[in-house]
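One structure is given here, and the rest of the page talks about it.
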Amino acid sequence: AIPIPEKFSRTVFSHSLHSLSLWGINEQSLFPFPFSPRFHPCLHLQFCKKPSMSNPSSSWIAQFKPGDRVEISPHDRRFRGSWYAGTVVRREAKNTNRYVVEYNQLYEDESGEKLLQETLDWIQLRPPPPPPEKKVQFKFGDEVEAFYSDGWWEGALTAEHSGGKFAVFLRGFEEQIVFEEKDLRLPVQWVKGKWEPRFEQVQREKENSNCSKEVMKFTQGMQVEVLTDEDGLKGAWFAATIIEPSGEDKYLIEYKTLTNDDDTEFLREDIRACNIRPCPPEIIVVDGFKVMDEVDAYYNEGWWVGVIAKVLINCNYVVNFIEYDEKITFNQADLRPHQDWLNDKWVVPSDV
């Protein structure tokens, strides 16, 4: 699950509408969706239309036909974080996006006489990933998928051994196992018909790129967002204020939503400049989000990158946090379009 910062106390702010009423603005006219009282450091006003129940999302949906080879993310929670080879048997019904699939190496029972079949949503299926364009140089700390127990399981590379072997900690088994290089691959994700690197790979490349070049200078009192080095919180952005420079390419910042252990004052930390960025500009979402849209979700006092997995009624969405393999429901008031700070300018993923 997405971690809750243990050393931080949660600070919830009330969002006052009294001053807005002085301008003739009321809650219903400003927020046509159910209003969330949490204060957002960089508030993004978003408006949505009621989704069509017959077609809740007009976004891209993968189409499969009988006989297609696929990789399957099993429905059983015990297999979370794994992909198994299989074949599409048929579509469940003509106007649905659910498919009957048959596993290549999983059986209905211990006799091993009949291959297991399941009916799954299209989002749990994908084509087999293509081979890498160039030889992969695995290294300590890499997020990988390892072929184990007839499927590909996610894990982290923890050590390099002689003879081209690597130790990998498999999260699903909570066990470290040694694999040959041929049984490892880098994780990828199937997004709108294209193969893309997993979030943690992209994030690492961005961090390495940002920290290997001259970064933006910040001034005292500037409102920013920062990445913390705290274990379990990497990838989330937290609102903060620049207090002062604290060394070469470092700044002392004060969080706006995280407090110290005894909850007496806002937490202060020294943060590298490459892990600081301005607050993203507002993007007004008029028509709501669609399945597979990349978003930031406000959760546990920070903004976490996720992907819209399902559109619900009343401007609610199921968001898939790929790095943590967790799905959580959010109201649109707690979501914003994802943007990246690249080369001192803001870009949306589709522009990269």
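Computed quantities for the displayed model
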{"quantity": "Those GluC sites (Glu not before Pro) in segment 160-192 that DSSP places in a loop and that have at most 12 other beta carbons within 10 Å", "calculated": "GLU174"}
{"quantity": "Difference of contour (0.36 nm per residue) and Cα-Cα distance, LYS250 to VAL100", "calculated": "48.6 nm"}
{"quantity": "Spin-label pair CYS279/MET216, simplified geometry with 7 Å Cα→Cβ offset, distance in nm", "calculated": "1.3"}
{"quantity": "Segment 108-147: GluC sites (Glu not before Pro) in DSSP loop, at most 14 other beta carbons within 10 Å", "calculated": "GLU108, GLU110, GLU113, GLU133"}
{"quantity": "Distance in nm between pseudo-label sites at LYS194 and ARG90 (7 Å out along the Cβ direction from Cα)", "calculated": "3.6"}
{"quantity": "Calculated FRET efficiency for the pair VAL318/ASN343, C-beta based, R₀ 51 Å, to 0.05", "calculated": "0.95"}
{"quantity": "Between segment 225-254 and segment 111-162, the Cα center-to-center distance that results, in Å", "calculated": "34"}
{"quantity": "Exceeding the 28 Å Cα-Cα cut-off - candidates LYS217/LYS327; LYS234/LYS345; LYS256/LYS345; LYS114/LYS165; LYS65/LYS310; LYS65/LYS114", "calculated": "LYS217/LYS327; LYS114/LYS165"}
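Quick note: the coordinates plus some simple rules give every number you see, no bench work behind them. For clarity, every value in this text was computed on a predicted model and none was experimentally measured. Reconstructed Cβ throughout: ideal geometry from the backbone, glycine too, with neighbour counts over all protein chains shown.
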